[in-house]
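Some notes on the structure that comes next.
The values are calculated or read from the model by the stated rules, or taken from the named source; none is laboratory data. In this text the structure is predicted, and so the values were computed from the model without any measurement. So basically every Cβ, Gly included, is an ideal-geometry build from the backbone, and we count neighbours across all protein chains shown.
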Amino acid sequence: MAVTKLPNQLVNQMNTKANQDPISIIIRHRWGLFNAGVASAGTIINSINKKIGTQFKLFPAKALQATAAEIDALSKEANIQYIWPDLPVKHWLNSSVPKISAPRVWATGLKGQGIKIAVLDTGIDETHPDFARRIMAMKSFIGPTAHDDNGHGTHVAGTIAGSGAKSRGKYVGVAPAASLYIGKVLRANANGLMSSVMAGIEWAVLEQKVHIINLSLGTEGPSDGTDALSTLCDEAVLQCGVVMCIAAGNMGPGLRTVGSPGCARFAITVGAIDDNDRVAMFSSRGPSADGRIKPDIVFPGVQIIAPQASGTNFGKTVEAGYTSSDGTSMAVPHASGVAALMLQANPKLTAAQVKVKIVAGGINIGALPNEQGIGRGDAYRAVSAAKG
């Protein structure tokens, strides 16, 4: 067997599968090898042609299923360069949440109980089981109802505090016992005005007395943090002691692409990373227009699975009631959830202390400061700092 073309993982599959059981593979070959009527094609290539599934375009490769004997024969063909196992790929909320060490915090009894989090977004699907009995207030600032007709807000809220009830514990948010306060400030087309967001902030801090506000929204950069919305965000921190967690934006990878309110001085501005600790290309970079490092920290924001609002098409449906999406919008709710765990651990923390300690607990992933801030956020380290 020409094992040099076969990785050990595929060889193991071939050795454990029954003779006629199909194995999913991807083969790399010379250009044109599987074209119809290629006279020089070998017998095994001609016979396998009818089994080809996906045909890739950026490099000559095909996905198909073949038996161990057929794979062995393909590996001996001179025009076959390599054969990979076609492995299942996933990046779920039950992957990103453990990545930031949230389950270690849950094991100590902290799940966000008693912490009030406002999600100012497209609303929420209040009928989704993952939010049962934890939506404390809903208000729309742009229409008659705060029900989510887009899907973005439901996804964000689920990453923060979804219980995982519908998935039987498969997809659980960072602070699954926290209380939610929902302000609809974006329309079904995901657009809105600063003024609506500002009204939502004031409702959340002055009327609902929330501890944390999540803003997975913003404008295009650059910003120096002196616009109206950024100014109000800073005032919410200074006057009301609320923790503001805000998206850096999706205008990367260029510099000075963080807009408003991501450039608010006292906010926790969050960029996005993938599952391999690489800053996402779309994640906005600093510095701010007045030279400050932004974002402050990064959290997972690529292929995040969270609750899906009924009747919406947001993201990519992965199973009933859940959808996958990318963006700094998906990264910010991880930060909001961690802040909730910190405040439950130590209710005396000020908003400024939460920011200092969540940033101090970051893990350097080797990117530049204006790409990663201090690094990847970690719930256990942040909560340990909060207790300390």
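Summary of values
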{"item": "Some residue of the range 308-331 being modelled with pLDDT of 95 or more, in contact with a Phe, Trp or Tyr (Cβ under 7 Å, 6 or more places away or on another chain) and among the aromatic types (Phe, Trp, Tyr)", "result": "yes"}
{"item": "So residue 188, is it surrounded by fewer than 18 Cβ atoms within 10 Å (Cβ to Cβ), out of contact with any Pro (no Cβ under 8 Å at 6 or more places or on another chain) and either over 20 Å from residue 337 (Cα atoms) or touching a residue at least 60 places away in the same chain (Cβ under 8 Å) (or both)", "result": "yes"}
{"item": "Candidates 193, 215, 206 - the one that is in contact with a Pro (Cβ under 7 Å, 6 or more places away or on another chain) and of a type outside the set (Ser, Thr, Tyr)", "result": "215"}
{"item": "Any hit, the range 168-182, residues being part of a loop (DSSP other than H, G, I, E, B), more than 30 Å from residue 103 (Cα to Cα), out of contact with any Phe, Trp or Tyr (no Cβ under 6 Å at 6 or more places or on another chain) and free of Cβ contacts under 8 Å to residues at least 40 places away in the same chain", "result": "no"}
{"item": "The range 318-353: number of residues that are within 22 Å of residue 264 (Cα to Cα) and not β-branched (Val, Ile, Thr)", "result": "17"}
{"item": "Subset of the range 331-365 (residues that are surrounded by fewer than 24 Cβ atoms within 10 Å (Cβ to Cβ), within 19 Å of the chain's Cα centre (by Cα) and of a type outside the set (A, V, I, L, M))", "result": "362, 364"}
{"item": "The range 226-258, residues that are farther than 22 Å from residue 365 by Cβ, crowded, with 24+ Cβ neighbours inside 10 Å and not aliphatic (A, V, I, L, M)", "result": "230, 233"}
{"item": "Matching residues, the range 346-370, being within 22 Å of residue 236 (Cα to Cα), assigned to a helix (DSSP H, G or I) and not basic (Lys, Arg)", "result": "351, 352, 353, 354, 356, 358, 359"}
{"item": "Pick from the range 12-22, criterion surrounded by fewer than 19 Cβ atoms within 10 Å (Cβ to Cβ) and in contact with a helix residue (DSSP H, G or I) (Cβ under 7 Å, 6 or more places away or on another chain), ranking: farthest from residue 76 (Cα to Cα)", "result": "17"}
{"item": "Sole residue being of a type outside the set (Val, Ile, Thr), free of Cβ contacts under 8 Å to residues at least 60 places away in the same chain and on the phi > 0 side of the Ramachandran plot, chosen from 218, 301, 254", "result": "218"}
